[in-house]
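A.B. asks: Dropping a structure here in structure tokens format, bear with me for questions.
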Amino acid sequence: MNDTGRFAHDQNVSRFVDRLRHEADGGRREVLRQLLIEEEERLGALYARLGAVDMQLADCAARIAQQRARIAELTQLSADTDEATRLLRNLEDIQTIFCGRRTVILDGLRHREN
């Protein structure tokens, strides 16, 4: 999260805490309590998911590089590369899925910043 997003998050948390500190109405206190919890959970959940997706992407990139090296070796040996190429395509599809998830998560974080 950039500095602006972190600032907005911190301001939301401070505002909810301040209002909770001074609110006497039990119903309003409950709403403010939920807003505070949701603010913290959303930020934490998005960052946790982003970390998990980034790890998957790093793993995919490493596996794709290894598979490309295997295909190059098989090609040099004039061996059949069909199965290895199929596996490469599957790995690339998985990487595409996680790239899409990463974009969705980042959009969610940007939305939180605004």
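The values are calculated or read from the model by the stated rules, or taken from the named source; none is laboratory data. Just so we're clear, the structure is a prediction, and the values are computed from it rather than from any experiment. Cβ: placed from backbone, ideal geometry, glycine included. Neighbour counts: every protein chain shown.
A.B. asks: Give all pairs with beta carbons closer than 9 Å in which a residue from the stretch 60-74 that is more than 22 Å from Gly100 (Cα to Cα) meets a residue that is surrounded by fewer than 12 Cβ atoms within 10 Å (Cβ to Cβ) and not small (Gly, Ala, Ser); count only pairs at least 6 apart in sequence or on separate chains.
C.D. replies: Listed by first residue and then by second, the contacts come to Leu74/Asp80.
A.B. asks: Is there a residue being closer than 29 Å to Gly108 by Cα and of a type in the set (Gly, Ala, Ser) anywhere in the stretch 17-25?
C.D. replies: No, the stretch 17-25 contains no residue that is closer than 29 Å to Gly108 by Cα and of a type in the set (Gly, Ala, Ser).
A.B. asks: Name the pairs whose Cβ atoms lie under 6 Å apart, with the first residue in the stretch 91-107 and under 10 Å from Val53 (Cβ atoms), the second hydrophobic (A, V, I, L, M, F, W, C), and 6 or more positions between them or separate chains?
C.D. replies: Phe98/Val53; Phe98/Leu57; Arg101/Val53; Arg102/Val53; Ile105/Leu46; Ile105/Leu50
A.B. asks: Would it be correct to say that Ala58 is not polar (S, T, N, Q) and not in a helix (DSSP H, G or I)?
C.D. replies: It is false that Ala58 is not polar (S, T, N, Q) and not in a helix (DSSP H, G or I).
A.B. asks: From Glu41, Glu83, which residue is part of a helix (DSSP H, G or I), modelled with pLDDT of 90 or more and of a type in the set (D, E, K, R)? Before the answer, list the steps.
C.D. replies: Numbers: Glu41 fails: modelled with pLDDT of 90 or more.
The match here is Glu83.
A.B. asks: Let me ask something additional. Is one or more of the residues making up the stretch 65-75 assigned to a helix (DSSP H, G or I) and within 23 Å of the chain's Cα centre (by Cα)?
C.D. replies: yes
A.B. asks: With the requirement that a residue be aromatic (Phe, Trp, Tyr) and at pLDDT below 80, what does the stretch 2-24 give you?
C.D. replies: Hit for the stretch 2-24 is Phe7, nothing else.
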